[in-house]
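Written below as structure tokens is the structure these notes are about.
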Amino acid sequence: MPDNTNFDLPELEKDATPVPVEDQQPREGMIDEAAKSAADLAPVFDVPVNISAVLGKAQIDVNSLLKLTAGSVVELDRKIGEAIDIYVNNRLVARGEVVVVDDRLGVTMTEIIKDGDAA
């Protein structure tokens, strides 16, 4: 299985709108800046982070929760085909789509959420 632990994300700019990943183009000198930034971050490369891909959310009372059994259906707040939220350490950082990789589920990022854009 490939090692997918290192992600090179551009520095987040405040007050910017989300840009679909496929529309982002590298700027002149961006590769050199990214290499310098990556070297500066070397001490934190081994720090573990928690990544969550949230398909949707539901709110139910404890009584209903206790009645759930195998095969029960809990309706989520998302529609089929709607983007899922990707959290890193409980902070929304991207939206994406569920994909199948071999016999496992995965997530592909379609939109990076910049500071202040999470809704």
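What follows is calculated from the coordinates using simple rules that are stated; it is not laboratory data. Keep in mind that this is a model prediction, so the values were computed, not measured. With ideal geometry, Cβ positions are generated from the backbone for all residues, glycine too; neighbour counts draw on all protein chains shown.
Couple of notes before you dig in:
- With 32 Å as the limit, the listed pairs K67/K114; K36/K114; K79/K114 have K67/K114 beyond it between alpha carbons.
- Fewest-first ranking of D77, D103, using other Cβ atoms within 10 Å as the exposure measure: D103, D77
- Extension gain, N50 back to V100 (0.36 nm per residue minus Cα-Cα distance, nm): 15.9 nm
- Arranged from fewest to most other beta-carbon atoms within 10 Å of their beta carbon, E111, E75, E97 become E75, E97, E111.
- The calculated FRET efficiency for the pair L92 and L66, based on their C-beta separation and a Förster distance of 22 Å, comes to about 0.15.
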